[in-house]
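Everything below concerns the one structure shown next.
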Amino acid sequence: IPIGKDAPYVFKGTFNGKLHKINGLYIIGFINEGLFGYVDNGTIENVIMGQGYISTPSNTTYESYSKIGAIAGWLTGNMYSCGNEMTNIHGGDSTYLGGLVGYLKGNIYNSYNKASITKGEGSSYSAGIAGISKEITKIYNCYNIGDINSLGGIVGYIGSPSSGKKSTYIYYCYY
């Protein structure tokens, strides 16, 4: 079970992995899946994901998109110096899949993905860093060299913020 799976049990603190590699994360689930399920105004730093696998079948039982990322399914807050080296992610229909974060409403700095991201048929968004980015976000100095079977190398979909301002700023990133 992810840390802070869903409301009201979200993760709101700071987690520093001290660059230790986390191996053996194997999840088959539907919503907010990753090491952290839902990070609400929290900070995740220095986390490296090693060997593992996250999968979600076709999403036929939930009304909203599944949010899947090796480190966080849903992130509102900040992520610093994190990486996904081997945790492959496979999504069914109606999923936001990211090598690091599925659904991003925060910022990611100095992070990377090397793992494979495979989306299912139907409406899904996938990319190496974040599956979808909404509201005002920054992705700075990040890269993806993992295989992605669709859409973006950095962000799969950039949504519009309710404020009408630009939604996502991507600086010094490559794939």
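The values are calculated or read from the model by the stated rules, or taken from the named source; none is laboratory data. Since the model is a prediction, treat every value here as computed from it, not as a measurement. Positions of Cβ are backbone-derived with ideal geometry, glycine not excepted, and every protein chain shown enters the neighbour counts. Side chains are part of the model used for accessible areas, which takes the heavy atoms of the whole protein and leaves out ligands, DNA and RNA. Shrake-Rupley method; radii C 1.70, N 1.55, O 1.52, S 1.80 Å.
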What's the ranking of 37-45, 127-135, 2-10 by average number of surrounding C-beta atoms within 10 Å, highest first? 127-135, 37-45, 2-10
Given +1 on the Cβ of Lys and Arg, -1 on the Cβ of Asp and Glu, and no further charges, what dipole in debye does the chain carry about its Cα centre, rounded to the nearest 20? 440
Value of relative contact order over segment 64-175, rounded to a whole percent, pairs C-alpha under 8 Å and six or more apart: 24
Which listed residue (Gly120, Gly102, Leu19) has the Cα farthest towards the positive end of the charge dipole for the chain, taking +1 on Lys and Arg C-beta and -1 on Asp and Glu C-beta about the Cα centre? Leu19
Setting aside same-chain residues fewer than 8 positions from Lys105, which aspartates and glutamates have a Cα under 17 Å from its Cα? Asp6, Glu33, Asp40, Glu45, Glu135
After finding the eigenvalues of the alpha carbon gyration tensor for the chain, what semi-axes result from the square roots of 5 times each, listed largest first in whole Å? 19, 18, 17
Starting from the coordinates of the alpha-carbon atoms of segment 1-41, obtain the Kirkwood hydrodynamic radius over all distinct pairs and give the value in Å to one decimal. 11.1
How large is the accessible surface per residue of the chain, computed with a 1.4 Å probe and reported in Å² as a whole number? 45
